Amino acid sequence: MEQQVKDGLNFILGAVNTAKIEAEKAFSDINAGFQNLAAKGAQDQSEVSVNLRKYLQEGISQIDTLVGKANTVVADAKAKVASVTTKA
């Protein structure tokens, strides 16, 4: 009985180790594929790609600006609430 428990434990440890190795390999393969596709995309200088990059960068810039403004409004609101609660 004791040997069966040890064998079962060793099986589980082996399975976990194998799963970990395979997951790391899969992640590495996915990452390499992503990097390869990104490099190919960076080389594409067609008019569509250039315009898409331009508009995407402008959109990201506008989102960053909006997030900055929202953070400022939230910080101001928190400060006002804090000042009201300390006065009360």
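The table below lists the values:
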{"quantity": "With every protein chain in place, the chain: carbon and sulfur % of accessible area (1.4 Å)", "calculated": "65 percent"}
{"quantity": "Average accessible area per residue (Å²) across region 1-86 - probe 1.4 Å, nucleic acids and ligands excluded", "calculated": "88 Å²"}
{"quantity": "Semi-axes of the equivalent ellipsoid for the chain, Cα gyration tensor, largest first, Å", "calculated": "49, 35, 5"}
{"quantity": "In degrees, nearest ten, helix 2-43 long axis to first principal axis of the chain (Cα)", "calculated": "40 degrees"}
{"quantity": "Computed accessible area, Ser49, all protein chains, 1.4 angstrom probe, square angstrom", "calculated": "20 Å²"}
{"quantity": "Electrostatic dipole magnitude of the chain [Cβ: Lys, Arg +1; Asp, Glu -1; Cα centre; debye, to 20]", "calculated": "580 debye"}
{"quantity": "Modelled FRET efficiency - R0 41 Å, Glu2 with Gln43, Cβ distances, 0.05 increments", "calculated": "0.10"}
{"quantity": "Computed lengthening from Val50 to Ile63, 0.36 nm per intervening residue step minus Cα-Cα distance", "calculated": "2.7 nm"}
{"quantity": "Extension gain from Asn71 to Asn31, taking 0.36 nm per residue of separation minus the Cα-Cα distance", "calculated": "11.1 nm"}
{"quantity": "Probe 1.4 Å - accessible area at Lys25, Å² to nearest ten", "calculated": "120 Å²"}
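The values are calculated or read from the model by the stated rules, or taken from the named source; none is laboratory data. Because the structure is predicted, anything quoted here is derived from the model rather than measured. Note: ideal-geometry Cβ built from the backbone for every residue, glycine included; neighbour counts use all protein chains shown. Heavy atoms of the whole protein, side chains included, go into the accessibility calculation; ligands, DNA and RNA do not. Shrake-Rupley method; radii C 1.70, N 1.55, O 1.52, S 1.80 Å.
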